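Structure, as structure tokens:
The values are calculated or read from the model by the stated rules, or taken from the named source; none is laboratory data. Treat the numbers as computed from the prediction; the structure is a model and nothing was measured. Cβ atoms come from the backbone with ideal geometry, glycine included; neighbour counts cover every protein chain shown. Side chains are part of the model used for accessible areas, which takes the heavy atoms of the whole protein and leaves out ligands, DNA and RNA. Shrake-Rupley method; radii C 1.70, N 1.55, O 1.52, S 1.80 Å.
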Amino acid sequence: MSTAMNFGGKRFSPQPPERGSFPLDHMGECKEFKEIFMSCLKESKFDSSLCREHSMDYLKCRMDRQLMTKEPLQKLGFKDLVDDKSAEPHQQTDT
């Protein structure tokens, strides 16, 4: 009795995940934001809670340059930071 593996049967076609996968920043468009965030992580002994504002700026940069899907910052865990910024007094402009 012979056991042969049949590789020609079903074909598997991989599908990318809906979230968690995004293009690399080959052109370094957000490198400055990444470096600031990484420096903050090192200085805070990798306590990311102390670097959330830098993380938010980095993700905003990636979304603005279409390196990841645009999402409301509130959905990405920055609701408190976004709400804090919107609570700041707005400057009036003469119209």
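The set of residues in region 67-83 that are under 15 Å from Ser55 (Cβ atoms) and in a helix (DSSP H, G or I) comprises Gln74, Lys75, Leu76, Gly77, Phe78, Lys79, Asp80, Leu81, Val82. The number of residues in region 43-95 being aliphatic (A, V, I, L, M), open to solvent by 70 Å² or more (accessible area, probe 1.4 Å) and at pLDDT 95 or above comes to 1. One residue stands out in region 16-33 among those that are modelled with pLDDT under 95 and under 13 Å from the mean Cα position of the chain (by Cα): the one that is least open to solvent (accessible area, probe 1.4 Å), namely Asp25. Summed over region 28-71, the residues that are without any contact (Cβ under 8 Å) to a residue 12 or more places away in the chain and under 19 Å from Val82 (Cβ atoms) give a count of 7.
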